[in-house]
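Here is the structure we will look at, set down as structure tokens.
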Amino acid sequence: MEKQNIDWGNLGFGYIQTDKRYVSNFKDGKWDDGVLTEDAMITMSECACVLQYAQTCFEGLKAYTTEDGRTVCFRPDLNADRMYDTALRLEMPPFPKDRFIEAVKQVVKANESYVPPFGSGASLYLRPYMFGSNPVIGVKPAEEYQFRIFATPVGPYFKGGAKPLTICVSDYDRAAPHGTGHIKAGLNYAMSLHPIVEAHKNGFAENMYLDAATRTKVEETGGANFLFVTKDGKVVTPKSSSILPSITRRSLMIVAKEYLGLEVEEREVFFDEVKDFAECGLCGTAAVISPVGKIVNHGEEICLPAGMDEMGPVTKKLYETLTGIQQGKIEDKFGWVVEI
């Protein structure tokens, strides 16, 4: 298929409208058949539940062109699972998992000319989302919902390579125990906007949130999970019931163990331990791994031995292996890559 006339090498990480998006509506207790549409606009009541009580959730995943020219997605089944669980927690009717994956395939296929070519560093970002659409004035769940997926081509999250970030320990709490930190709800991201703007004003790239109950344990940032590497090469990630189960982080832990033969551990990570780690990274769909070089806690600086010049050696190997699997350069042992 002939690609769009886009300067793929200079794409940023922003929204570009593409040809088609998927829409399905829930009404009278069931989801309709769904359809691809060219209409990018949404019309709803001024009293729609999503506008009044933030009843909305979303996912994020990417489509790639592999080295041998195939168009693929990475582990869309886990996005379907996570959105299903999120919907249940928000009293929304879950969108069927098999239909989720089929809708992803339809959107990618309909916008295949926007899937960047191999070697460009760019990808087609997919945003599935769902919201309560009917008027609701009393505090209760909506009765009608809309599920949608749009696609937009995006460039690499870091242009010119991933330089280690300086982050700060936040005075704000990201999620309460028994709250909604473990689901991908829009409200979690709304509350993180003020802390991230404040962090940027103070010269930091991101926030490190600690657990709300004791403020002694590492949780995550506003939009990514943490991954640490010990000085003897063990890969460690924080464990908490209020951390979002990142698909990238879970994949990296399997890569560490099964591809690289490293010891891995998911456990509570106390902030006091952070100074003893050799490497630190932030895991997410957008960048895969963003290396961290320095963590600042109210003036106290923790400088990771990997430094501020480039990714640490273990983090770099994890990044190269996972992206290699996604791009078809490394064998996909577990069937993670789904061909469109």
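The values are calculated or read from the model by the stated rules, or taken from the named source; none is laboratory data. Keep in mind that this is a model prediction, so the values were computed, not measured. All Cβ positions, even for glycine, are placed from backbone atoms using ideal geometry, and neighbour counts span all protein chains on display. When the accessible area is computed, the model is the full protein with side chains, heavy atoms only, and any ligands, DNA or RNA have been set aside. Shrake-Rupley method; radii C 1.70, N 1.55, O 1.52, S 1.80 Å.
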By its C-alpha gyration tensor, with a ≥ b ≥ c as the square roots of the eigenvalues, how is the stretch 150-285 shaped: rounded for a/c under 1.5, else prolate for a/b larger than b/c, else oblate? rounded
Only Cα pairs within less than 10 Å get springs; with that Gaussian network setup on the chain, which residue of P313, P117, P245 has the largest fluctuation? P313
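Tell me, what is the FRET efficiency for H200 and D28 to the nearest 0.05, using R0 = 45 angstrom and their Cβ-Cβ distance as r?
Working: r = 46 Å, r/R0 = 1.01.
The computed FRET efficiency comes out at 0.50.
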Considering only V72, V104, V136, give the residue with the highest GNM mean-square fluctuation for the chain, with springs between Cα atoms whenever their separation is below 10 Å. V136
Check the straight Cα-Cα distances from K27 and name the aspartates and glutamates below 14 Å, setting aside those fewer than 8 residues away within the same chain. E143, E144
Distance from the Cα centre of the stretch 187-252 to that of the stretch 268-340, in angstrom? 12
Distance cut-off 32 Å, Cα to Cα: go down the list K20/K201; K109/K257; K109/K329; K109/K217; K163/K257; K3/K234 and report the pairs above it. K20/K201; K109/K257; K109/K217; K3/K234
Over the stretch 157-286, what is the relative contact order in percent, taking alpha-carbon pairs closer than 8 angstrom and at least six residues apart? 26
What is the projected area of the convex hull of the Cα atoms of the chain, averaged over all directions, in nm²? 17.4
GluC sites (Glu not before Pro) lying in DSSP loop within the stretch 62-115, provided at most 16 other Cβ fall within 10 Å: E67, E91
Helical mean residue ellipticity (222 nm; -39500 (n - 2.57) per DSSP H run of 4+; nearest 500) of the chain: -6500 deg cm²/dmol
Of all the accessible heavy-atom surface of the chain, with the other protein chains kept in place and a 1.4 Å probe, what percent is carbon and sulfur? 50
How much accessible area per residue does the chain have, in Å², with a 1.4 Å probe? 46
Suppose every K and R has +1 on its Cβ and every D and E has -1 on its Cβ; what is the size of the dipole of the stretch 1-83 about the Cα centre, in Debye to the nearest 20? 200
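Find, among the chymotrypsin sites (Phe, Trp or Tyr not before Pro) in the stretch 1-35, those assigned to loop by DSSP (not H, G, I, E, B) with at most 13 other beta-carbon atoms within 10 angstrom.
Those satisfying the criteria are Y15.
Kindly provide the chymotrypsin sites (Phe, Trp or Tyr not before Pro) of the stretch 205-244 that DSSP labels as loop, not H, G, I, E or B, and whose Cβ sees at most 10 other Cβ atoms within 10 Å.
On the way: sites: Y209, F226, F228; in loops: Y209.
Within the stretch 205-244, no chymotrypsin sites (Phe, Trp or Tyr not before Pro) qualify (loop, at most 10 other Cβ atoms within 10 Å).
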Normalised per residue, the volume inside the convex hull of the alpha-carbon atoms of the stretch 48-196 in Å³ amounts to 143
With springs connecting C-alpha atoms under 10 Å apart, model the chain as a Gaussian network and identify which of I289, I183, I196 has the largest mean-square fluctuation. I196
Please give the length that would be gained between E331 and S241 if that part of the chain were fully extended, namely 0.36 nm times their separation in residues minus their C-alpha to C-alpha distance (nm, one decimal). 29.1 nm
In whole µm²/s, the translational diffusion coefficient that Stokes-Einstein assigns to the stretch 11-87, given a Kirkwood hydrodynamic radius over C-alpha pairs, 10 °C and 1.306 mPa s, equals 101
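Given a Förster distance of 45 Å, report the FRET efficiency between R267 and L88 from their Cβ-Cβ distance, rounded to the nearest 0.05. Mind showing how you got there, number by number?
Values: r = 27 Å, r/R0 = 0.60.
Approximately 0.95, to the nearest 0.05.
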Restricting to Cα pairs below 8 Å that are 6+ residues apart, what does the relative contact order work out to for the stretch 288-340? Please round to a whole percent. 26
For V35 and M1, what is the calculated FRET efficiency with R₀ set at 22 Å and r taken between the beta-carbons, to the nearest 0.05? 0.50
